[in-house]
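Read through the structure below, which is laid out as structure tokens, and then see the notes.
Nothing in this text is a laboratory measurement; each read-out follows from the coordinates by a stated rule. What you are looking at is a predicted structure, and each value in this text was computed from that prediction instead of being measured. Here Cβ is always computed from backbone atoms with ideal geometry, including for glycine, and neighbour counts include all displayed protein chains.
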Number of protein chains: 2
Amino acid sequence: MLNSQEATPLYQKLRDILRKQVEDGRYLPDHAIPSERDLCQQYQISRITVRQAIAEMINEGILYRKQGKGTFVARRKVNQGLSRIVTFSRTVMDIGMKPSTRILFHGLLPAGLEVASILKLPDAGQVLKMVLLGQGDDHPLVVYESYFPPRVGKKMLKEATTREKQGLPFSSYDLYGRNTGLYPARVSQTLEAVAADNLQARMLEVPKATALLRVTSIFTTRDHSPLELRRALYRGDYYKFNVVRDLA
Amino acid sequence: MLNSQEATPLYQKLRDILRKQVEDGRYLPDHAIPSERDLCQQYQISRITVRQAIAEMINEGILYRKQGKGTFVARRKVNQGLSRIVTFSRTVMDIGMKPSTRILFHGLLPAGLEVASILKLPDAGQVLKMVLLGQGDDHPLVVYESYFPPRVGKKMLKEATTREKQGLPFSSYDLYGRNTGLYPARVSQTLEAVAADNLQARMLEVPKATALLRVTSIFTTRDHSPLELRRALYRGDYYKFNVVRDLA
């Protein structure tokens, strides 16, 4: 039972209790919380108080309501910083999911004019393509479609294969470093909202035309040699990107 | 007629010609370019060459193909930098459109718990809400939904009204500065891909569930006082955001 003889309003107390329970995993994402009626009885408080607490948590994005079905725990979105890069593994664990990675495809292909030009490959040259699927609790979250100059790609693919065998989660970015001897110094990124086409919808297990975040990245070395062109497709319902910057 | 007795391959020459014509506005966005057959005749070159030039321009995002209908000029997307802010007017003019702004709504409202907490307003305080529609060639491109502490909002709204009367295009960010005496020092932004709901679809004149880029910004002064909470909804087919950063 909640006691109103204190400074904190009752609805805030209830909100804090429910928030803690969600954080502790007592109520899981996309699962219902107890009904308003049950909460009134359990804490001996009025329905108005319960509604106010729930309204606030819906506003905060912690809960969501389904018409006629009840109130559910919202999925937390992976909050990815644009100013510093964190490993794929860390971002997924941060929302309480178990990260994993699958190599969906790899192969040497004719580069195509756009990719050849971005990677500064010779005309009619080859490119190593590698497609990774990033998962949380074995559900698809993101597809990374990477193109490398063959010399770079072979090292990246070797490292990716090693990690996949060991069951380690990774994005293509996580493969840079000591093991490959490749160090990107700069990345240029473009963010867009796109509708999933048939193939993308199938890979990400979402309905066709679902809103996705497409992030195109070009990684280069200190001396401006291109290392990788990557098109990442993030599920819009699982990802958000953030940036803080000083103005003026 | 194109001449193959030079170093540049024919398809690249044709591509350069077509690209220039698109840039010069000879072919307009969403309008068809001449058929492959017409291009063959006009430049006295093979169909293979024409196809290669067109394929490259499709890859580059300059053209797009509609099954059974022909090849069309793609819309250029507004390319908005995340590292430095450019005026709304400039970004829209950069893609060859005439910018304009309409004030869709303004009013003093009860703040609501989330907005009150972000803007550090007292409980049950009021907030000034202003909704702007940013247009290019009189088509909706972006909706800016801004919440200000009343004292700040009154200055912003006055400046917005003045500019609207003068027919000047602006985003809420463009209102800061000498005229309002308000200077944001820092902005924290979150980017998400979302599906347009009914109201958003109507405001932006797109089908329901179209992919939109939602950018939530919190502007603060040098001494960390909140100035504005803004939720901007950008049409995914018109906007992309870019950022370049150094790693390691």
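Observations, loosely collected:
- Estimated FRET transfer efficiency when R0 is 45 angstrom, pair A:ALA201-B:THR8 (beta carbons, to 0.05): 0.65
- Rounded FRET efficiency, nearest 0.05, which uses the C-beta distance separating B:ASP38 from A:HIS106 and R0 of 35 Å: 0.25
- Under 18 Å, Cα to Cα: Lys pairs in chain A, sequence gap 8 or more or different chains: 11
- For chain B, with +1 on Lys and Arg beta carbons and -1 on Asp and Glu, the positive-most of B:ALA124, B:ALA32, B:GLY112 along the dipole: B:ALA124
- What separates the A:HIS139 label point from its copies, with the point 7 Å along Cα to Cβ, is 3.6 nm, written shortest first.
- Between A:TYR183 and B:ASP138, the simple spin-label model (points 7 angstrom out along Cα→Cβ) gives 5.8 nm.
- Unit charges at the beta carbon, dipole of the protein assembly as shown: most positive-side option, A:ASN59, A:THR162, A:MET203: A:THR162
- Cα-Cα P(r), the range B:82-209, percent of pairs per 10 Å interval: 11, 37, 40, 11, 0
- Once Rg and the Kirkwood radius are both taken over the C-alpha atoms of the range B:169-248, their ratio Rg/Rh works out to 1.05.
- For the range B:121-183: rounded, prolate or oblate by the Cα gyration tensor [a/c cutoff 1.5]: oblate
- Averaging the Cα positions of each part gives two centres, and for the range A:49-122 and the range A:146-200 these lie 17 Å apart.
- Cα pair distances in the range A:10-73, grouped into 10 Å bins until the bin that holds the longest one, percent each: 23, 62, 15
- If you wrap chain B in the convex hull of its Cα atoms and look at it from every side, the mean projected area works out to 18.1 nm².
- Distances, shortest first, from the label point of B:ARG19 to those at the same position in the other copies read 5.3 nm; the point lies 7 Å along Cα to C-beta.
- Dimensionless Rg over Rh [the protein assembly as shown; C-alpha; Kirkwood]: 1.01
- Pair A:SER83, A:LYS165: separation of 7 Å Cα→Cβ label points (nm): 4.1
- Amide H contacts under 5 Å for B:ALA185: B:THR220, B:THR221, B:ARG222, restricted to partners 5 or more places along the chain or on a different chain, H placed in the peptide plane at 1.01 Å from N.
- Each copy carries A:VAL244; placing its label point 7 Å along the C-beta direction from Cα gives inter-copy distances of 2.6 nm, listed from smallest up.
- Most fluctuating residue given options A:TYR11, A:TYR238, A:TYR147, as computed from a GNM of chain A linking Cα atoms under 10 Å: A:TYR11
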